[in-house]
1. Give me the pairs, please: first residue somewhere in the range 48-72 and in a helix (DSSP H, G or I), second residue anywhere and of a type in the set (S, T, Y) and surrounded by fewer than 16 Cβ atoms within 10 Å (Cβ to Cβ), beta-carbon distance under 9 Å, and either six or more positions apart or on two chains.
2. Taking the condition of being more than 17 Å from A87 (Cβ to Cβ), without any contact (Cβ under 8 Å) to a residue 24 or more places away in the chain and either in a helix (DSSP H, G or I) or in contact with a Cys (Cβ under 7 Å, 6 or more places away or on another chain) (or both), how many residues in the range 28-47 meet it?
3. Search the range 160-173 for residues that are at negative phi and touching a residue at least 40 places away in the same chain (Cβ under 8 Å) and pair each with any residue that is in a helix (DSSP H, G or I) and among the basic types (K, R) when their beta-carbon atoms are under 7 Å apart and the residues are at least 6 apart or on different chains.
4. In the range 79-116, how many residues are within 19 Å of Q144 (Cβ to Cβ) and of a type in the set (D, E)?
5. Return the pairs, sorted by first residue and then second, in which the second residue is at pLDDT 95 or above and surrounded by 11 or more Cβ atoms within 10 Å (Cβ to Cβ), the first residue lies in the range 192-219 and is on the phi < 0 side of the Ramachandran plot and among the basic types (K, R), the beta carbons are less than 6 Å apart, and the residues are 6+ apart or on different chains.
6. Just to be sure, is D177 in contact (Cβ under 8 Å) with a residue 60 or more places away in the chain, among the acidic types (D, E) and either surrounded by 16 or more Cβ atoms within 10 Å (Cβ to Cβ) or not in a loop (DSSP other than H, G, I, E, B) (or both)?
7. Which residues, taken from the range 20-39, are buried (at least 16 other Cβ atoms within 10 Å of the Cβ) and at pLDDT 85 or above?
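The values are calculated or read from the model by the stated rules, or taken from the named source; none is laboratory data. Here the structure is a predicted model, which means the values were calculated and not measured. Glycine also receives a Cβ, built like all others from the backbone with ideal geometry; neighbour counts cover every protein chain displayed.
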Amino acid sequence: MDRRLYQKSIIASTFLLAVSSPFATFAQTEQEWRDSLSALSERIRLAPKSVDLRLRKAAVNIELGQWSYAVDEYSRVLELDPKNLSAHYYRAYVHNHERRYELAKQDYEACLAIVPRNFEAQLGLAIAKRNLGKTVEAMNELNQLIQMFPDSAIAYAARAGYEVEQKQYELALYDWDEAISRQPNNIEYLMSKADVLLMLKRQKEANALIRRIRALEQR
């Protein structure tokens, strides 16, 4: 069984939330993306106040790795519609990619001001604070995430991952158990719990869990 170093924790992977382009629903070649970009740019020239067109263009900019252009488009959308949730959320995604964590934090906070119970924005805010080194604030945001979404396995997994980073292994073990109770056959969660058991030198329990994982993988 492949083992993962915990530096690739759930909290890190969860942060890389996929950007679902509102324009494309299937894979395209780079040239097809560029053709789409040209078509959208022309349509925006004719309708410069179209929020939908600008959101679509920003999504294509992201697909092409044109991060600064995407930020510009999301910023223009917010000039037209200051409470546009998609623009704030995906601009935060871009800021995170560019390691502008303070700006990402601000956009996630803006999302939550618009929709206070937005799971993705709450999680994004927690991890933005983690990336900024705001340890206590990040944990507070994760605690709040679980309070708002107590049935979410992902919420417990995110907090567990952060607790491992902070070397709070007993707390992490509790949270992995909570995540697994909600998704019993999630192999990634089971592997992560096994990692924690090994860190706590609970070899026998870890071995039993590894056998369970292998049985699941053979199904």
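1. The qualifying pairs are K57/S41; A59/S20; N61/S68.
2. Matching residues across the range 28-47 total 10.
3. So the pair list comes out as Y162/R130.
4. Residues meeting the conditions: 2.
5. As it stands, the answer is K193/W176, since those pairs meet every condition given.
6. Spelling it out, it is not the case that D177 is in contact (Cβ under 8 Å) with a residue 60 or more places away in the chain, among the acidic types (D, E) and either surrounded by 16 or more Cβ atoms within 10 Å (Cβ to Cβ) or not in a loop (DSSP other than H, G, I, E, B) (or both).
7. W33, S36, L37 - these are the residues of the range 20-39 that are buried (at least 16 other Cβ atoms within 10 Å of the Cβ) and at pLDDT 85 or above.
Yes or no, residue by residue, for (1) surrounded by fewer than 22 Cβ atoms within 10 Å (Cβ to Cβ); (2) among the hydrophobic types (A, V, I, L, M, F, W, C); (3) at pLDDT 95 or above:
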position: Y69; (1), (2), (3): yes, no, yes
position: L80; (1), (2), (3): yes, yes, yes
position: A87; (1), (2), (3): no, yes, yes
position: H97; (1), (2), (3): yes, no, no
position: Y108; (1), (2), (3): no, no, yes
position: I114; (1), (2), (3): yes, yes, yes
position: E120; (1), (2), (3): yes, no, no
